[in-house]
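**Q** Quick one: the structure is below, questions incoming.
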Amino acid sequence: MTADTLGVGLVSVGWMGRLHSRAYRALPDHFPELGVRPRLVVAADPVPEAREQAVSRLGYERAVADFHEVLADPAVDVVSICSPNFLHREMAVAAAEAGKPFWIEKPMGRYASDSRAIHEAVERAGLVTSVGFNYRHAPAIQRARELVRSGRLGRITNVRGSLLADYSSDPDAPLTWRFERERAGSGVLGDLLSHGLDLAQYLVGRIASVTAVAETFIPTRPRPGQGIVDRSAAVAGEHGPVENEDYAALLFRFEDGAVGTMDSSRVVRGPHAEYTLEVYGTRGSVRWDFQRLNELQVALDDQEVDGYVTHLVAPGDGQFARFQPGAGTAMGYDDLKTIEAAQFVASVLRGEQLAPSVADGLAAASIVEAAEASLADGAWHDVARVDGRLTTDAAAPVL
């Protein structure tokens, strides 16, 4: 492997697989100092139409049905794993055993046991990795983290988060794998709350204990017809049970004594992707909403305005300057994935864990594990401590 001929392998050519591919292709434009012009070598997908798109639309040199062919190809230096949750463990462990650094989407596994197996395989192999905690990379989050970690907000007292989405609000949407315990694991706990919990730990610190409640508001859904894969496509027919939660709410305590609340739903009516995080301290607070990606609400006790002022992200906030010249011209979601790709590739080239790691993925999964234990008995549960290359407390990487 050389920096200018970094071979990329992709596993699963869905929406996220296409996004990973675009992110790799964007690296020479936005991160030229990496000296990387990724070569899209091979993509794997069992669906023939997806394989055809991988070559004709995304630019891969070839496409195969079996992901093992991606891992066995000597021209592949890094692998993106964008498959459904129930395939993550097998694929990630195989990638680690093949010595291939990988970038995997979250939740890293269906259960903490899956994530733990992936983490252990990576530690044995000594690989650097990346997990798709893309919201970390928003320049507004980077600015918020600076304010929190520098002490500008004073002693942090409490955190409030909410991840509300409507992607499953139609009760006639099909019963895809996302609603099956065996293939998805949890519902919104893993799919959405893992993002918010990672952000809370990235901004404030380790979450030490948790209690939770959860509900399934749409208990059955129509079984999908042949060929239907879109999670929002409505179908009619026989119904089957929804096996995981539509809604969950958590109370948690940070290791340093701060407290927090966070809830999530995939069936709300109104919000589309309203992912918010608020951090309160003795000298001020910050608020961020993903739907207003490029804004941060800031209240500090030494500012002229009493209450919140809107900070429009600008050069100097995270990696904003690589994408836009000045405040008011917005970055987008795809740009966050380009930053993620850059951190992953820089990690591989330097042999240093810069991107969110599988240890970070296991840390989020361990909170979910404790929350699910609380769902069973209604009690508070301690969160298992993770040993490994955590990046939640590390300085933002210089790329």
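The values are calculated or read from the model by the stated rules, or taken from the named source; none is laboratory data. Quantities reported herein were computed from a predicted structural model and do not represent experimental measurements. Here the Cβ positions follow ideal geometry from the backbone for every residue, glycine too, while neighbour counts run over all protein chains shown. Remember, those area values only see protein heavy atoms, side chains included, never the ligands or the DNA or RNA. Shrake-Rupley method; radii C 1.70, N 1.55, O 1.52, S 1.80 Å.
**Q** Can you give me the C-alpha center-to-center distance between the stretch 62-126 and the stretch 315-382, rounded to a whole angstrom?
**A** The distance from the Cα centre of the stretch 62-126 to that of the stretch 315-382 comes to 18 Å.
**Q** Evaluate E = 1/(1 + (r/R0)^6) for Arg22 and Trp380, where r is the Cβ-Cβ distance and R0 equals 41 Å; express this FRET efficiency to the nearest 0.05. Write out the running numbers ahead of the final one.
**A** On the way: r = 43 Å, r/R0 = 1.04.
Plugging the Cβ-Cβ distance into 1/(1 + (r/R0)^6) gives 0.45.
**Q** Considering amide H positions built from the backbone, and no H for Pro or chain starts, which residues 5 or more places from Glu61, or on another chain, come under 5 Å of its amide H?
**A** Close amide H contacts, sequence-distant or interchain: Val41, Val42.
**Q** Please list, ordered by chain and number, the residues whose modelled amide H lies under 5 Å from the amide H of Tyr275; skip anything fewer than 5 residues away on the same chain.
**A** Leu164, Phe290, Gln291
**Q** Beta carbons within 10 angstrom, averaged per residue: use that to sort the peptides 324-337, 274-287, 106-119, highest first.
**A** 106-119, 274-287, 324-337
**Q** Here is a further query. How big is the antiparallel share of DSSP beta bridges in the chain, given as a percent to the nearest 5? All intermediate terms of the calculation are to be shown ahead of the outcome.
**A** Details: 42 of 66 bridges.
If we restrict to bridges inside the chain, about 65 percent are antiparallel.
**Q** So who's got an amide H within less than 5 Å of the one on Gly154, skipping anything under 5 residues away but keeping other chains? H placed 1.01 Å off N, in plane.
**A** Arg283
**Q** Then there's this: With a 1.4 Å probe and all protein chains left in place, how much of the accessible area of the stretch 238-345 comes from carbon and sulfur atoms, in whole percent?
**A** Numbers: 2290 of 4710 Å².
Solvent-exposed carbon and sulfur of the stretch 238-345 make up 49 percent of the total.
**Q** Something else about it: Provide the FRET efficiency to the nearest 0.05 for the Trp15-Val213 pair, computing r from the beta carbons and using R0 = 35 Å.
**A** 0.70
**Q** To continue, here is another question. What list of ³J(HN,Hα) values in whole Hz, one per residue of the stretch 292-301 in order, does the Karplus curve 6.51 cos²θ - 1.76 cosθ + 1.60 (θ = phi - 60°) give from phi, with Gly and Pro shown as x?
**A** Going residue by residue, I get 10, 3, 9, 10, 10, 7, 10, 10, 10, 6 Hz, with x marking Gly and Pro.
**Q** Measuring with a 1.4 Å probe in the full set of protein chains, what accessible area per residue, in whole Å², belongs to the chain? Provide the component values of the computation, followed by the final result.
**A** Details: 15960 Å² over 399 residues.
That works out to 40 Å² per residue.
**Q** Per residue of the stretch 150-156, in order, report the coupling 6.51 cos²θ - 1.76 cosθ + 1.60 (Karplus, θ = phi - 60°) as ³J(HN,Hα) in whole Hz, putting x for Gly and Pro.
**A** Coupling constants for the stretch 150-156: 7, x, 4, 8, x, 6, 6 Hz.
**Q** Could you tell me what percent of the accessible area of the stretch 33-138 is made up of carbon and sulfur, with a 1.4 Å probe and every protein chain present? Intermediate values should be presented prior to the final figure.
**A** Working: 1970 of 3940 Å².
Roughly 50 percent of what the probe reaches on the stretch 33-138 is carbon or sulfur.
**Q** Using a 1.4 Å probe on the protein heavy atoms only, what accessible surface does Phe217 show? Give it in Å² to the nearest 10.
**A** Accessible area of Phe217: about 120 Å².
**Q** Put +1 on the Cβ of each Lys and Arg and -1 on the Cβ of each Asp and Glu in the chain; which of His239, Gln353, Val279 then has its Cα farthest toward the positive end of the dipole?
**A** The residue sitting most towards the positive pole is Gln353.
**Q** Something else now. Show me 80-91, 48-59 ranked by packing, highest mean number of other Cβ atoms within 10 Å first. Write down the numbers at each step before the final one.
**A** Working: 80-91: 21.8, 48-59: 15.7.
The peptides rank, most packed first, as 80-91, 48-59.
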